[in-house]
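A short worksheet on the structure shown next.
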Amino acid sequence: MRPARHYQHWIAFQTILTREVRRFLRIWAQTLLPPAITMTLYFIIFGSLIGSRIGEMDGFTYMEYIAPGVIMMAIINNAYANVASSFFSAKFQSHIEELIVAPVPNYLILAGYVAGGTARGLCIGLIVSVVALFFTNLTIQHYWITLTMVLLSAVLFALGGFINAVYARSFDEISIIPTFILTPLTYLGGVFYSISLLPEFWQKVSMLNPVLYMVNAFRYGLLGISDVSVFTAFGIILLFIVALTIYALHLLNKGTGLRN
């Protein structure tokens, strides 16, 4: 009986994940192409034009220095956007009710959507990495740190997108968090600069930004340099993932935004 139930749960998870992956692959011109074009512009404007005037940063060309941050920015933005838009669409079209009444545990619903967002984030990360190779050389110094940080960052922001979608009551509310919170966090997260250039007070303020730890840990994996402790970065990100997972499951179990 129990193996059969586990098999049914696996089928449910696989179905949600497959649907999510097919969704963003089917509309690749809207989901995969725009980030590649946007990040290409970042490399051209910030890396080539402005970077040539800035010179080196921490022993690397400016293009090499910003490449990890630009890649990470693309990953977290798209992991977040995929889950936020997909789960809200399921609410808006009322087919989320089919999942709620089905014998599918809430943790599998959450896992399926988060895995789908993570998959899109990883796809975008790979695409932007290939784009970056046209502008600079990327060599991975620490493979496991690089891959693990990419995966954890995508999972974290996929969870954030899920919570945003649960609370959102209109498509306009889906864009509020990315515009007023996510974008400032990414731009102030050390993507284009080292926090060592900031005054001491603003360095301490920057330490409150979780994106800073993701960008720097990923930069350490690629370049071998970081403004923060890599162990601290992993600890903080894991703590955020656990907290958001618990909160997202609480919202699902309570039916927040789903049964009103």
Tally of residues being open to solvent by less than 30 Å² (accessible area, probe 1.4 Å), of a type outside the set (G, A, S) and in a loop (DSSP other than H, G, I, E, B) across segment 161-176: 0
Would segment 183-205 turn up any residue that is open to solvent by 10 Å² or more (accessible area, probe 1.4 Å), out of contact with any Asp or Glu (no Cβ under 7 Å at 6 or more places or on another chain) and either of a type in the set (G, A, S) or more than 30 Å from G55 (Cβ to Cβ) (or both)? no
From the set of residues in segment 36-47 that are under 22 Å from L126 (Cβ atoms) and either of a type in the set (S, T, N, Q) or open to solvent by 30 Å² or more (accessible area, probe 1.4 Å) (or both), which is modelled with the lowest pLDDT? F46
Selected residue (criterion: modelled with the highest pLDDT) from residues of segment 91-112 that are in a loop (DSSP other than H, G, I, E, B) and closer than 16 Å to Q8 by Cα: P105
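Restricting to segment 50-62, and then to whatever is touching a residue at least 12 places away in the same chain (Cβ under 8 Å) and outside any loop (DSSP other than H, G, I, E, B), can you tell me which residue is surrounded by the most Cβ atoms within 10 Å (Cβ to Cβ)?
G51
Just checking, does segment 24-35 include any residue being of a type in the set (G, A, S), open to solvent by less than 40 Å² (accessible area, probe 1.4 Å) and either at pLDDT 90 or above or assigned to a helix (DSSP H, G or I) (or both)?
no
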Can we say Y65 is in contact with a strand residue (DSSP E or B) (Cβ under 6 Å, 6 or more places away or on another chain), crowded, with 17+ Cβ neighbours inside 10 Å and part of a helix (DSSP H, G or I)? yes
Is at least one residue of segment 133-143 closer than 24 Å to T118 by Cα, within 18 Å of the chain's Cα centre (by Cα) and either touching a residue at least 12 places away in the same chain (Cβ under 8 Å) or buried (at least 22 other Cβ atoms within 10 Å of the Cβ) (or both)? no
Which members of segment 75-107 meet the condition of being touching a His at 6+ places or on another chain (Cβ under 8 Å) and buried (at least 19 other Cβ atoms within 10 Å of the Cβ)? V104
Residue list for segment 146-155, filter: among the aliphatic types (A, V, I, L, M) and open to solvent by 10 Å² or more (accessible area, probe 1.4 Å): L147, V150, L151, L152, V155
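The values are calculated or read from the model by the stated rules, or taken from the named source; none is laboratory data. Just so we're clear, the structure is a prediction, and the values are computed from it rather than from any experiment. Cβ: placed from backbone, ideal geometry, glycine included. Neighbour counts: every protein chain shown. The protein model used for the area step is the full one, side chains on, heavy atoms only, and it has no ligands, DNA or RNA in it. Shrake-Rupley method; radii C 1.70, N 1.55, O 1.52, S 1.80 Å.
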